[in-house]
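Undergrad: Quick one: the structure is below, questions incoming.
Derivation of every value follows stated rules applied to the coordinates shown; laboratory data play no part. None of these values were measured; they are calculated from a predicted model. Positions of Cβ are backbone-derived with ideal geometry, glycine not excepted, and every protein chain shown enters the neighbour counts.
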Amino acid sequence: MKAFPQRLSILPAAMFALALTVLGQGETGVERVDLDQLLARVSDRVQQYYTNLLSISWNDRVRQEILKEDGKQKEKPRELVYDMIIRHQMATSPDDIAPFFIREVTDLVSIDGNPAKKGETAKPDDPRFASMGSIGFLMTRIREPYRFTYAGSAELEGRKVLIIDVTSPQRNPPRVVWKNSFPLPGVMYSFQVLNVQYNTGRVWVDAETFDVLQLEWKSNPFDFERGKRKFRYETGMTARFKRVSFDNPDQTFLVPESLETFSNMKGGNRFPVVRVKHSFADFKRFLGDTKIVVIEDKK
């Protein structure tokens, strides 16, 4: 296997599985469940999800779109394809927030439909491969500072699901860094928004298996002003998961299906909407141990 660039993301350890207990129905008409037991079951399945991914490879087709306010294309989309696997990196200290971490291991395959040249890498402004740690926060060891609420049951693509709402308090106040230069003709100012994070989320959990089937996050709108101009910035993401079956031996694993993020700025001038879509496909299972070796060219 070729050498891949690497990136780290948090993956905590699993806890134990517990039976889900239905406690009746509350005043709002939503059935009450033992939330701790539900989160423990979800935590166990998230652990299994990341363990199973150790034996699977797939590709990540990522498409970056710059849209006008009406949703039409503002610029030609940029699309890259990466081959991907994950590896676990063990923690080095008992004080680490997780016993091991996820290491995304990737190889750039193509750019806008053209095969990547040997040694070619993505440009700084190109869309990157997806971080695979999106549901790692559901592991019990790092439940704080998240706050969870059971929001009832529903149906998602024909399957009964249990819905969990989650909030995350703002860690650092959002702020704006202004550049009072004239980077382009007709542009009066430029700026960068910092410290905007996901604050409100919702998790859809399979009622039979307790696998996470969908996750959504949104930031709180961040309002700020420049002179008489008012601005609002927000961002969000949606991650979806599905089951894939393999033969010899017969196994069915939960795998990532898609990940979509967006950022949106309103006010003052007409700002584009930036949308990044990841679609995952070509899942292949390998059996036994895999060793990643750096191969040096000999000329």
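Undergrad: Please go through the residue pairs Lys74/Lys284; Lys74/Lys123; Lys74/Lys230; Lys76/Lys284; Lys117/Lys218 and name each one whose alpha carbons sit more than 29 Å apart in this structure.
TA: Lys74/Lys284; Lys76/Lys284; Lys117/Lys218
Undergrad: Oh, and also: So, in nm, how far is label Asn172 from label Gln192 when the simple model puts each one 7 Å beyond its Cα toward the Cβ?
TA: 1.2 nm
Undergrad: Full extension from Arg229 to Asp36: what is 0.36 nm times the residue separation minus their Cα-Cα distance, to one decimal in nm?
TA: Here the segment from Arg229 to Asp36 would lengthen by 64.9 nm.
Undergrad: Simple spin-label model, 7 Å along Cα-to-Cβ: Glu157 to Lys218 in nm?
TA: 2.2 nm
Undergrad: Sticking with this one: Based on the mean of other Cβ atoms within 10 Å per residue, sort peptides 232-245, 153-166 so the most packed one is first.
TA: Per-residue mean Cβ counts within 10 Å order the peptides as 232-245, 153-166.
Undergrad: Which FRET efficiency, nearest 0.05, do Lys266 and Phe286 yield, Cβ-Cβ r, R0 45 Å?
TA: Efficiency computed from Cβ-Cβ geometry: 0.45.
Undergrad: Taking the Cβ-Cβ separation of Lys118 and Gln73 as r and a Förster radius of 25 Å, what is the calculated FRET efficiency to the nearest 0.05?
TA: For R0 = 25 Å, the calculated efficiency reads 0.20.
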